[in-house]
Every structure is written in structure tokens, then in C-alpha cells.
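Remarks on the structure that follows.
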Amino acid sequence: MEKEPEKIDFDAKHWHALYVRSRSERKVLTQLEEMGVEAYLPLITRIKQWSDRRKKIEEPLFKSYVFVHSSLRQYYDILNVYGVVRFVTFEHKAVIVPDNQIVAIKKYIDDPLEDEQARNNNNDLKVGQRVRITNGPLQGLMGRLVCVNNKRRLVVYIESVGQVVPVSIARAKVEPVEEPQTDKPINY
């Protein structure tokens, strides 16, 4: 009995990640939008320090990556955009980024730090301590506190899928987690 070949819907749109040339994320985004392709570049505001000044700048959350909501029919047109290196692939197929992950990234970018939450400081947090994220798109994830940036922000390493990801998060959005006593040293 022969198995029928899988039918591919060339017009179904999915989110994909594009790997682009270094520092060309905005140019690629503009070109994709001019082509009519829905594209997303998550930007965060950071304060950069130079020897003579400090300045707020917007930079990509994921350097050298742009997300596109596209169909297979647009695949080669997108690859021909100047600055696009390749689609992020697995087994020679463009990886589909689930919609809920794009929504979570957008929530993370758009989530302003509320003053009331900031006033509720967890002063008992110590560097190296395990913490749980209590609010926001990363709610429920556990990690280890790496540093305290200021009175309102923390950097937490989240271990997920075999990789450690640093996350800057509001102090009010984490709580300490008790660890079982062990004799093993903590490595971060």
C-alpha cells in the first residue's frame, strides 16, 4: 500500500526566524515591510556609556535575528533581501516559531515596570540564590540570581533547553525559592 505524499500548503503563514548580517536588522526589517512581508524586530532600550556621555539607545533583543510571518511561497523572495543570510533551520526546513512565543516576546518588550511593583522590593534576595518568576510572560520559570543591576532590576539566568539565558527582570516579579541542602558547589 503506497503512502500518499504529504500535501504542503504554500500559502499558510507561520512565524520564522531569519539570521541576518550583523547590525543590519533594521535595514532588513524596512526592506521586508516594503515588500509587504509582516516582520518583527524586538527592540529594547539600553543606556550606553561612552567616555564623555551616556545615551539611551534602542537595540535588538536578539542580535542578528528578525522574525517574519510568511508563507513558503515567499521563502526565496525573503532570502533575496539584502542582509538576510538564511532562515533558521532544522533538518533543512525553516523552523516555525510558535505564535505564543512571539506573543511572549512582545509582552516582555512592552511590559513597563510599574512603580507599585518596584516599591515592593525583595530585599532578602542574594546573588546565587534560586528564584522563581512570579509575573509576566516568563511566569513559573526558575533560575539563579546572578546580579542586582539597581534597586528595581535583577539579572536571572534561566536554564532552559540545555542553554543558560540571562534575563533582566523587575525585582518585584521574582520570589526566592528554598533549595534542598547539598554539599555540591553551585556553578553558574
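The values are calculated or read from the model by the stated rules, or taken from the named source; none is laboratory data. Remember, it's a predicted structure, so these values are computed and weren't measured experimentally. Here the Cβ positions follow ideal geometry from the backbone for every residue, glycine too, while neighbour counts run over all protein chains shown.
Please specify each residue of the range 145-170 satisfying the condition of being at pLDDT below 75 and either more than 15 Å from Arg130 (Cβ to Cβ) or in the same structural domain as Thr45 (by TED's automatic domain parsing) (or both).
Asn150, Lys151, Arg152, Arg153, Val161, Gly162, Gln163, Val165
Among (1) more than 30 Å from Arg153 (Cβ to Cβ); (2) free of Cβ contacts under 8 Å to residues at least 12 places away in the same chain; (3) exposed (fewer than 12 other Cβ atoms within 10 Å of the Cβ), which single condition is Trp50 missing?
(1)
Residues that are farther than 13 Å from Leu18 by Cα: find the strands (runs of 3 or more DSSP E) completely inside the range 44-101 holding 1 or more of those.
54-60
Looking at Gln101, Gln74, can you tell me which residue is surrounded by 11 or more Cβ atoms within 10 Å (Cβ to Cβ), at pLDDT 75 or above, under 13 Å from the mean Cα position of the chain (by Cα) and under 30 Å from Glu34 (Cα atoms)?
Going through Gln101, Gln74 in turn, the sole match is Gln101.
All but one of (1) over 27 Å from Ala12 (Cα atoms); (2) among the hydroxyl-bearing types (Ser, Thr, Tyr); (3) at pLDDT 95 or above hold for Thr45; state the number of the condition that does not hold.
(3)
Any idea how many residues of the range 1-39 are among the β-branched types (Val, Ile, Thr), more than 19 Å from Glu58 (Cα to Cα) and at pLDDT 95 or above?
Within the range 1-39, residues that are among the β-branched types (Val, Ile, Thr), more than 19 Å from Glu58 (Cα to Cα) and at pLDDT 95 or above number 1.
Which of the residues that make up the range 23-42 are of a type outside the set (Asp, Glu), outside any helix (DSSP H, G or I) and free of Cβ contacts under 8 Å to residues at least 60 places away in the same chain?
To start, the set of residues in the range 23-42 that are of a type outside the set (Asp, Glu) comprises 23-24, 26-32, 35-37, 39-42.
Pick out the ones that are also outside any helix (DSSP H, G or I) and you get 23-24, 35-37, 39-42.
Result: Arg23, Ser24, Met35, Gly36, Val37, Ala39, Leu41.
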